[in-house]
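First the structure, in the form of C-alpha cells, and then the observations on it.
Every read-out reported here was derived from the displayed coordinates using simple, explicitly stated rules and does not represent laboratory data. Predicted model, so just to flag it, every value in this text is computed and none were measured. Glycine gets a Cβ as well: all are built from the backbone with ideal geometry, and neighbour counts include every protein chain shown.
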Amino acid sequence: MKTVAVLVGSLRRESINRKFAESLGKLAADRLDFKLIEIGDLPLYNDDLWANPPQSVLRMKSEVEAADAVLFVTPEYNRYFTPALKNAIDWGTRPWGKNSWAAKPAALTGATPGATGTAAGQNSLKGLLNVVDTVLMGQPEVYFTYKPELFDADNNVVDPSTRDFLNGWVDRFAKWIERTSEPKVQAQA
Ligand code: FNR
C-alpha cells in the first residue's frame with residue numbers, strides 16, 4: 001500500500017485540521033497509509049543552521065522522502081495558508097539539490113469553521129507546491145467547512161454524504177498516486 005506523508009498547517013492541540021487529517025486517514029486506511037509528520041518542532045528557517053542541521057529538520061526530510069506521496073491539510077490564516085507550513089516546505093527544499101518534495105505526488109485540503117472552506121488559503125498554497133516540484137492533483141477540490149456533528153468522538157466521519165464525498169476524493173488521490181509515481185530506482189546487484 002502506498003504511504004502518504006501528511007503535513008498539518010496548524011500547531012494547535014485541538015486543531016480541527018489535525019482532526020480532519022485523522023478522519024481522512026481513517027477513511028483511506030484500506031487504500032492508503034497516512035503518516036502524520038510533525039512540523040511544530042522545526043526552527044524558523046535560517047540558512048546558517050545547516051552548519052549543524054537540527055534533528056527535527058533531518059527527521060522531517062527523511063520522513064517525507066520515504067513516503068510515496070504528500071498531503072497538505074491547512075487552516076486558512078487571513079486568506080493564506082499558515083506560516084508553520086511555509087516554514088516546513090522551505091526546510092524541505094534545502095540543501096540545494098536535495099529537495100524532499102521533488103516529483104512527489106501531492107494533494108491539498110483544509111478545514112475551517114467558516115463558510116468558504118479554506119478556498120483562498122488552499123489557492124495560495126497551490127503555486128508554492130508547483131514551485132517546489134510536487135506533482136499536484138488539481139481535482140477534486142475539498143474546501144471543507146468543519147462541523148463537529150459530521151464526526152464521532154474518534155474522528156470517524158459519520159455523516160453519510162460527507163463520507164461518500166470524502167471517499168470519492170480518497171479514490172481519486174489513490175489513483176493519482178499510482179498514475180504519477182516515478183518508478184523506484186532499483187539497487188544495483
Ligand atoms: C483564522 N481563521 C480564519 N478562518 C477562515 O476561514 N479564513 C481566514 O482567513 C481565517 N483567518 C484566521 C487568521 C488567524 C491568525 C487565525 C488564528 C484564525 C479561523 C480559523 O479557520 C480557525 O481558527 C481554525 O480553527 C484554525 O484551524 P485549526 O487550528 O483548528 O486547525
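Do you know which residues across region 62-108 are in a loop (DSSP other than H, G, I, E, B) and exposed (fewer than 15 other Cβ atoms within 10 Å of the Cβ)? Give the steps one after another, and end with the answer.
Residues of region 62-108 in a loop (DSSP other than H, G, I, E, B): 67-68, 74-76, 78-79, 81-82, 93-104.
Those that are in a loop (DSSP other than H, G, I, E, B) and exposed (fewer than 15 other Cβ atoms within 10 Å of the Cβ): Asn78, Arg79, Pro95, Trp96, Gly97, Lys98, Ala103.
Which of the numbered conditions does Ala111 fail, given that it passes all the others? Conditions: (1) part of a helix (DSSP H, G or I); (2) buried (at least 16 other Cβ atoms within 10 Å of the Cβ); (3) in contact with a strand residue (DSSP E or B) (Cβ under 7 Å, 6 or more places away or on another chain).
Status for Ala111: all satisfied but (1).
Only residues that are part of a helix (DSSP H, G or I) and farther than 21 Å from Lys104 by Cβ: list them for region 28-61, please.
Narrowing region 28-61 to residues part of a helix (DSSP H, G or I): 28, 47-51, 55-61.
Result: Asp47, Asp48, Leu49, Trp50, Ala51, Gln55.
Between a residue in region 1-30 that is free of Cβ contacts under 8 Å to residues at least 24 places away in the same chain and any residue that is assigned to a helix (DSSP H, G or I) and within 16 Å of the ligand (Cβ to nearest atom), which pairs come within a Cβ distance under 6 Å, given they are 6 or more apart or on different chains?
none
Yes or no: region 71-79 includes at least one residue that is under 25 Å from Gly127 (Cβ atoms), under 13 Å from the mean Cα position of the chain (by Cα), more than 16 Å from the ligand (Cβ to nearest atom) and not polar (S, T, N, Q).
Initially, region 71-79 is screened for residues under 25 Å from Gly127 (Cβ atoms), giving 71-79.
After this cut, where a residue has to be under 13 Å from the mean Cα position of the chain (by Cα) as well, the list is 71-75.
Subset that is more than 16 Å from the ligand (Cβ to nearest atom): none.
No: zero hits.
Is there a residue in region 66-76 that is out of contact with any Cys (no Cβ under 8 Å at 6 or more places or on another chain) and without any contact (Cβ under 8 Å) to a residue 40 or more places away in the chain?
No, region 66-76 contains no residue that is out of contact with any Cys (no Cβ under 8 Å at 6 or more places or on another chain) and without any contact (Cβ under 8 Å) to a residue 40 or more places away in the chain.
Of the numbered conditions (1) farther than 28 Å from Ala153 by Cβ; (2) β-branched (Val, Ile, Thr); (3) over 14 Å from the mean Cα position of the chain (by Cα), Thr112 fails exactly one; give the number of that condition.
(1)
Can you find even one residue in region 118-127 that is surrounded by fewer than 22 Cβ atoms within 10 Å (Cβ to Cβ), farther than 20 Å from Tyr77 by Cβ and away from the ligand (no atom under 16 Å from the Cβ)?
No: zero hits.
Considering only residues that are basic (Lys, Arg) and within 15 Å of the ligand (Cβ to nearest atom), look in region 1-56 and name the one that is surrounded by the most Cβ atoms within 10 Å (Cβ to Cβ).
First pass over region 1-56, keeping only residues basic (Lys, Arg): 2, 12-13, 18-19, 26, 31, 35.
The next check asks that each one be within 15 Å of the ligand (Cβ to nearest atom); those that pass are 12-13, 18-19.
On the way: Arg12: 12, Arg13: 7, Arg18: 21, Lys19: 19.
Among those residues, the one meeting the criterion is Arg18.
Report the residue count in region 138-160 for those that are under 18 Å from the mean Cα position of the chain (by Cα) and free of Cβ contacts under 8 Å to residues at least 40 places away in the same chain. Can you show your working first?
First, pick out the residues of region 138-160 that are under 18 Å from the mean Cα position of the chain (by Cα): 138-146, 155.
Keeping just the survivors that are free of Cβ contacts under 8 Å to residues at least 40 places away in the same chain gives 138-143, 145.
The number of residues fulfilling the criteria is 7.
When the residues of region 133-155 are filtered to those that are away from the ligand (no atom under 16 Å from the Cβ) and surrounded by 18 or more Cβ atoms within 10 Å (Cβ to Cβ), which remaining residue is nearest to Ile89 (Cα to Cα)?
Going through the qualifying residues, I end up with Thr134.
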